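Read through the structure below, which is laid out as structure tokens, and then see the notes.
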Number of protein chains: 2
Amino acid sequence: MANDDKQFVTEITPQQEDFSRWYIDVIKKADLMDYSPVRGCIVFKPDGFEIWEHIQSELDRRFKETGHRNAYFPMFIPESFFQKEKEHVEGFNPELPWVTEAGGEKLEERLAIRPTSETMIGHMYQKWIQSYRDLPVLINQWANVVRWEKRTLPFLRTSEFLWQEGHTAHETEAEAREETMQMLEIYRDFVENFLAIPVIMGQKTPSEKFAGAVDTYSIEAMMKDGRAVQAGTSHYLGTNFAEAFEIKYLSRDNTQEFVHTTSWGVSTRLIGSMIMVHGDDRGLVLPPKVAPKQVMIIPIGPPKTRDAVVALSDQLFTELKKAGIRVGIDDRADVRPGWKFNEYEMRGIPIRLEIGPRDMENGVCVLVSRISGEKKTVELSNLVAEVKALLEQIHQEMFERAKQFREDHFYSVDTLQEMKDSMEEKRGFTLAGWCGSEACEKKVKEETGATSRNIPFKPAEVKHTCISCGQAAKHTVVFARAY
Amino acid sequence: MANDDKQFVTEITPQQEDFSRWYIDVIKKADLMDYSPVRGCIVFKPDGFEIWEHIQSELDRRFKETGHRNAYFPMFIPESFFQKEKEHVEGFNPELPWVTEAGGEKLEERLAIRPTSETMIGHMYQKWIQSYRDLPVLINQWANVVRWEKRTLPFLRTSEFLWQEGHTAHETEAEAREETMQMLEIYRDFVENFLAIPVIMGQKTPSEKFAGAVDTYSIEAMMKDGRAVQAGTSHYLGTNFAEAFEIKYLSRDNTQEFVHTTSWGVSTRLIGSMIMVHGDDRGLVLPPKVAPKQVMIIPIGPPKTRDAVVALSDQLFTELKKAGIRVGIDDRADVRPGWKFNEYEMRGIPIRLEIGPRDMENGVCVLVSRISGEKKTVELSNLVAEVKALLEQIHQEMFERAKQFREDHFYSVDTLQEMKDSMEEKRGFTLAGWCGSEACEKKVKEETGATSRNIPFKPAEVKHTCISCGQAAKHTVVFARAY
């Protein structure tokens, strides 16, 4: 068995050796995805997709609680729509796929496949909104979108991906800004308390904001290789799209005014981030709240007691399932427990439940935590409560570990050389002063490979000089290399 | 008020005058959809989309209960994939939209946007399935699909639409056929017991089956203009796609065998069918189980008692909501109750709850059924139970009415002239004998406009001669004009 185990483990490249290879090894071996024959598009296999289903269902609940409703807009966007908002077309044009023929005929106007839906939705809102009585409009859409990326990475950057995009319209700037912040806070709370990923909330610099936005806000997460992933964004779009699509309303003062709009989204990137934040050299470590299976039961012991142990295992399975816990059982007789232990560790299942003949006699079983490896013997009479408590504890522990990791890899820097070292040797995020000029931001990128992630709302420290030009800093910025 | 009401009602074209106009009037006025700037594509507005969400969530539950899991496959399908299954390409080619450029470059191979995913999924299953131990594969996908239709009709036939497509692979024909029938039965049960639409289960004739299937089965529903809608289909695909995509497995006997596959789907057409089956001249009539709002509370009475009545209405709202009932309240002071009554009738809300000062004194309120118009005074102390019972009763009544309508418009015919009359004057389905030849089926279509809907599993009567050639009938077939 020892040999098998070893061979098994070595199939995953260690994180320290090659983080990218580790990532690909893990998602393939854990059966979350497969490559497709179409460039940059992946297949979400059932375990990968189920993680997305749990993300969807929880976010959807939160959106509805805050008054949003779902709708669905066409994925085809006439070429002329993109021309209406100048920055928007510049930002997205290079990434669009074009439908030029359909139903056996060449189309008069090419149709883009949506990279995001501000333009189509702007066009519709113009028809729907007449008066302040029609406001606010609070709509969300779950959809597939396409951005023809040059370099792709499963989940994190794929040509077609799944996401939600909220689009709201309001009477006033103040109300739209409040909505923008509300949604950012929903994302933060969700990502931290559901995916156990600590994030940094802040505002994007002008060069990194959404094409067409007035202000873009983001939550940024640190992967285990020190790189950043933008885990969610929320945009205050001002009246930019309202002016481009003439979305006007009759105000309370009887004047025609442009609405103020917002948009906000998270995508299947969250799955990739979650894997890169929590995974280890043994494989996936799934946050309990999204794990397709939260508990895996493995009966152990010699053949002579097998039937009795399996029968009890089935009972425990039923009991946990009834309590709403996502539980699996692997009672195959021809596969050794050691193999199963490795397999389900690799798949990141939060709790392994072992039960053997002696446990049975004592009315107990053993719960093993995926994150810490700790074993706990618990009374069967209290099993549901113990499992629930341990799932919660694992979630907390995952969050705390990720937070500690981030703190350990967060550097306050004063020179470009220090920043570069922080990226390359120490692998992490850096906090630096910035004068606000695009030239300085560009120079940082050229010399260190880092981009500004955001201007954090609550920086750990306020920096006073620009890391690039040495002039007075206007902002304290988080810089990092990013996916 | 009488004038307002009249004007209001006349905005909907009566069904008898022009059924198609009635349909468009209703879906527009009830705010279920809007036309988009892209040919044949509609916007699902929140009330329309929420109906789909209820359909999704209930079907998804049933799919999972029967062991299926969701996955997601790319929507782009390389042109060469379609060439692999001859019938499939012939069936779908004329309707495909093609992506020919992306990311600023012309593509080497054109990409179709999926009209259905047998080919892409076949390609993946070939990689995933090696041995009988990998079988069955039971996967479902919720997705958007595109068929570039010449004539479109909101919900019923749109270029882009939403659906689910199940794709399964099995060791044996028997098992695959069992799956095909299981899913058809799930559709029947769902459509009848959730959407209150009675359907006819049966097998499609060869000319009407899915392109690439061995056998196609369907459930067919009768609209109020006597036309048919195919409400769901389930296909036994034999080894056709397995051979085209080389999906082989190592059998229990150690031989290489082709898998047997099935596919099955329902789409947003269900929304259109539901409207055409249940609606009336006052507007929508929504089945309680999918209605976005099941109850609308309308406080009535003079200004002096208004505050007290509204306060009580709020309490009832909270009570119903807590009980899991989807409830709304319209307590606007500046809109007359009569207008509200019409509005929510038009929107098809199953129950109107009226409460005024006298009701309040008596501890009662009035429930009004959308389908029958019956009013029932109920004790507030028993409100939740009364509402639940009435919702169930309305569902039953809707189903019975639709069934009665279908029976009243179902004709056994022996000549093509009789069939034509049944289509045009009597507006309905016909039952007729068919010899099994494609020529006869074609002649029926040419002379009557009717197509074979299916060969019902349980025909009301067995017909012995072919309606077209007069030879012995092989099958008893339901013929109708169809959407």
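The values are calculated or read from the model by the stated rules, or taken from the named source; none is laboratory data. Since this is a predicted model, take the numbers as computed values, not measurements. A quick note on method: Cβ atoms are made from the backbone with ideal geometry, for glycine too, and the neighbour counts reach across all protein chains shown.
Filtering the range B:83-104 down to residues that are over 19 Å from A:Gly40 (Cβ atoms) and among the hydrophobic types (A, V, I, L, M, F, W, C), which residue is nearest to the other protein chains (Cβ to nearest Cβ)? Walk me through how you get there before you give the answer.
Step one: list which residues in the range B:83-104 are over 19 Å from A:Gly40 (Cβ atoms), which gives B:83-97.
Those still in the list that are among the hydrophobic types (A, V, I, L, M, F, W, C) too: B:89, B:92, B:96.
Working: B:Val89: 13, B:Phe92: 11, B:Leu96: 7 Å.
Checking each candidate, the answer is B:Leu96.
For the range A:236-245, indicate whether the set of residues that are within 14 Å of another protein chain (Cβ to nearest Cβ) and modelled with pLDDT of 95 or more is non-empty. Don't jump to the end; show me each part of the working.
Of the residues in the range A:236-245, the ones within 14 Å of another protein chain (Cβ to nearest Cβ) are A:245.
Within this subset, residues satisfying the condition of being modelled with pLDDT of 95 or more are A:245.
Yes, because at least one residue in the range A:236-245 is within 14 Å of another protein chain (Cβ to nearest Cβ) and modelled with pLDDT of 95 or more.
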Qualifying positions in the range A:171-193 - touching a residue at least 12 places away in the same chain (Cβ under 8 Å), surrounded by fewer than 22 Cβ atoms within 10 Å (Cβ to Cβ) and over 15 Å from the mean Cα position of the chain (by Cα): A:Glu171, A:Thr172, A:Glu173, A:Glu175, A:Arg177, A:Met181, A:Gln182
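Can you work out which of the residues in the range A:115-166 that are of a type in the set (Phe, Trp, Tyr) and closer than 21 Å to B:Glu105 by Cβ is farthest from the other protein chains (Cβ to nearest Cβ)? Outline the logic, then answer.
Filtering the range A:115-166 down to residues of a type in the set (Phe, Trp, Tyr) leaves A:125, A:128, A:132, A:142, A:148, A:155, A:161, A:163.
Still in the list and also closer than 21 Å to B:Glu105 by Cβ: A:148, A:161.
Values: A:Trp148: 4, A:Phe161: 10 Å.
The selected residue is A:Phe161.
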Since B:Cys365 meets every condition but one in (1) within 15 Å of B:Pro299 (Cβ to Cβ); (2) in a helix (DSSP H, G or I); (3) of a type outside the set (A, V, I, L, M); (4) in contact with a strand residue (DSSP E or B) (Cβ under 7 Å, 6 or more places away or on another chain), which condition does it not meet? (2)
Reported set for the range B:53-82 where residues are aromatic (Phe, Trp, Tyr), farther than 23 Å from A:Tyr72 by Cβ and at the interface with chain A (Cβ under 9 Å from one of its Cβ atoms) is B:Phe81
Checking A:Lys420 against (1) more than 16 Å from A:Ser207 (Cα to Cα); (2) assigned to a strand (DSSP E or B): exactly one of these is not met. Which one? (2)
Could you please tell me which pairs satisfy a Cβ distance under 6 Å, a separation of 6+ or placement on different chains, a first residue in the range B:408-428 that is without any contact (Cβ under 8 Å) to a residue 12 or more places away in the chain, and a second residue that is outside any loop (DSSP other than H, G, I, E, B) and surrounded by 15 or more Cβ atoms within 10 Å (Cβ to Cβ)? B:Ser422/B:Tyr411; B:Ser422/B:Thr430
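Need a quick list: strands (runs of 3 or more DSSP E) entirely within the range A:229-307 having at least 3 residues that are under 30 Å from A:His170 (Cα atoms) and in the same structural domain as A:Gly48 (by TED's automatic domain parsing).
Values: elements: A:248-250, A:256-258, A:260-267, A:295-299.
Strands (runs of 3 or more DSSP E) meeting the threshold: A:248-250, A:256-258, A:260-267.
Just one of B:Gly226, B:Gly122 is under 30 Å from B:Ser80 (Cβ atoms) and touching a strand residue (DSSP E or B) at 6+ places or on another chain (Cβ under 9 Å); which is it?
On the way: B:Gly226 fails: under 30 Å from B:Ser80 (Cβ atoms).
Only one candidate qualifies: B:Gly122.
Restricting to the range A:128-165, and then to whatever is hydroxyl-bearing (Ser, Thr, Tyr) and under 19 Å from A:Glu246 (Cα atoms), can you tell me which residue is nearest to the chain's Cα centre (by Cα)?
Residues of the range A:128-165 that are hydroxyl-bearing (Ser, Thr, Tyr), as a first pass: A:131-132, A:152, A:158-159.
If we keep only those that are under 19 Å from A:Glu246 (Cα atoms) too, we end up with A:131-132.
Details: A:Ser131: 37, A:Tyr132: 35 Å.
Checking each candidate, the answer is A:Tyr132.
For the range B:234-256, how many residues meet the condition of being without any contact (Cβ under 8 Å) to a residue 40 or more places away in the chain and touching a strand residue (DSSP E or B) at 6+ places or on another chain (Cβ under 7 Å)?
Restricting attention to the range B:234-256, the residues satisfying the condition of being without any contact (Cβ under 8 Å) to a residue 40 or more places away in the chain are B:239, B:243, B:253-256.
Restricting the remaining residues to those that are touching a strand residue (DSSP E or B) at 6+ places or on another chain (Cβ under 7 Å) gives B:239, B:243, B:256.
Summing the residues that are without any contact (Cβ under 8 Å) to a residue 40 or more places away in the chain and touching a strand residue (DSSP E or B) at 6+ places or on another chain (Cβ under 7 Å) in the range B:234-256 gives 3.
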Checked the range B:24-39 for anything more than 12 Å from chain A (Cβ to nearest Cβ) and out of contact with any strand residue (DSSP E or B) (no Cβ under 8 Å at 6 or more places or on another chain); matches are B:Ile24, B:Asp25
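Search the range A:368-388 for residues being in contact with an Asp or Glu (Cβ under 7 Å, 6 or more places away or on another chain) and in a helix (DSSP H, G or I), and hand back the single one that is nearest to A:Glu50 (Cα to Cα). It would help to see each step written out before you state the result.
Initially, the range A:368-388 is screened for residues in contact with an Asp or Glu (Cβ under 7 Å, 6 or more places away or on another chain), giving A:368, A:370-372, A:378, A:383-384.
From what is left, the residues that are in a helix (DSSP H, G or I) are A:383-384.
Details: A:Leu383: 25, A:Val384: 23 Å.
Per the criteria, the residue is A:Val384.
If only one of B:Gly356, B:Gly373 is small (Gly, Ala, Ser), surrounded by 14 or more Cβ atoms within 10 Å (Cβ to Cβ) and over 27 Å from B:Ile219 (Cβ atoms), which one is it?
Values: B:Gly373 fails: surrounded by 14 or more Cβ atoms within 10 Å (Cβ to Cβ).
The unique qualifying residue is B:Gly356.
Can you say whether B:Ser20 is under 18 Å from the mean Cα position of the chain (by Cα), facing another protein chain (nearest Cβ under 10 Å) and of a type in the set (S, T, N, Q), as far as the supplied structure shows? Working first, answer last.
Details: under 18 Å from the mean Cα position of the chain (by Cα): yes; facing another protein chain (nearest Cβ under 10 Å): no; of a type in the set (S, T, N, Q): yes.
So B:Ser20 fails the test.
Taking only the range A:227-281 into account, find how many residues are among the aliphatic types (A, V, I, L, M) and out of contact with any helix residue (DSSP H, G or I) (no Cβ under 8 Å at 6 or more places or on another chain). Write out each step before concluding.
Here is the first cut: in the range A:227-281, the residues among the aliphatic types (A, V, I, L, M) are A:228-229, A:231, A:237, A:242, A:244, A:247, A:250, A:259, A:266, A:270-271, A:274-277.
The next check asks that each one be out of contact with any helix residue (DSSP H, G or I) (no Cβ under 8 Å at 6 or more places or on another chain); those that pass are A:228.
Residues meeting the conditions: 1.
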Could you check, for the range B:167-187, whether at least one of its residues is part of a loop (DSSP other than H, G, I, E, B) and either at pLDDT 95 or above or within 27 Å of A:Phe44 (Cβ to Cβ) (or both)? yes
Over the range A:270-308, the set of residues surrounded by fewer than 19 Cβ atoms within 10 Å (Cβ to Cβ) and in contact with a strand residue (DSSP E or B) (Cβ under 8 Å, 6 or more places away or on another chain) is A:Arg306
Within the range B:309-346, how many residues are of a type in the set (Gly, Ala, Ser), assigned to a helix (DSSP H, G or I) and crowded, with 18+ Cβ neighbours inside 10 Å? 1
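Checking the condition farther than 30 Å from A:Lys443 by Cα and within 14 Å of chain B (Cβ to nearest Cβ), which residue from A:Ala196, A:Ala112 passes? Break it down into steps so the answer makes sense when it comes.
Values: A:Ala196 fails: within 14 Å of chain B (Cβ to nearest Cβ).
Being farther than 30 Å from A:Lys443 by Cα and within 14 Å of chain B (Cβ to nearest Cβ) holds for just one of A:Ala196, A:Ala112, which is A:Ala112.
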Exception for B:Trp148 within (1) assigned to a loop (DSSP other than H, G, I, E, B); (2) in contact with an Asp or Glu (Cβ under 7 Å, 6 or more places away or on another chain); (3) free of Cβ contacts under 8 Å to residues at least 24 places away in the same chain falls at (3)
Of the conditions (1) under 30 Å from B:Ile139 (Cβ atoms); (2) surrounded by fewer than 20 Cβ atoms within 10 Å (Cβ to Cβ), A:Gln83 satisfies every one except a single condition; which number is it? (1)
Look at A:Ile24 and say whether it is surrounded by fewer than 20 Cβ atoms within 10 Å (Cβ to Cβ), among the β-branched types (Val, Ile, Thr), in the same structural domain as A:Tyr187 (by TED's automatic domain parsing) and within 30 Å of A:Phe341 (Cβ to Cβ). yes
Going by what's in this entry, would A:Leu107 be described as more than 30 Å from A:Ser20 (Cβ to Cβ), within 11 Å of chain B (Cβ to nearest Cβ) and in contact with a Gly (Cβ under 9 Å, 6 or more places away or on another chain)? no
Within the range A:413-428, identify whether any single residue is modelled with pLDDT under 95, exposed (fewer than 14 other Cβ atoms within 10 Å of the Cβ), closer than 22 Å to A:Val199 by Cβ and not assigned by TED's automatic domain parsing to the domain that holds A:Phe155, and answer yes or no. no
Would you check if A:Ile42 is out of contact with any Pro (no Cβ under 9 Å at 6 or more places or on another chain), aliphatic (A, V, I, L, M) and at the interface with another protein chain (Cβ under 10 Å from one of its Cβ atoms)? no
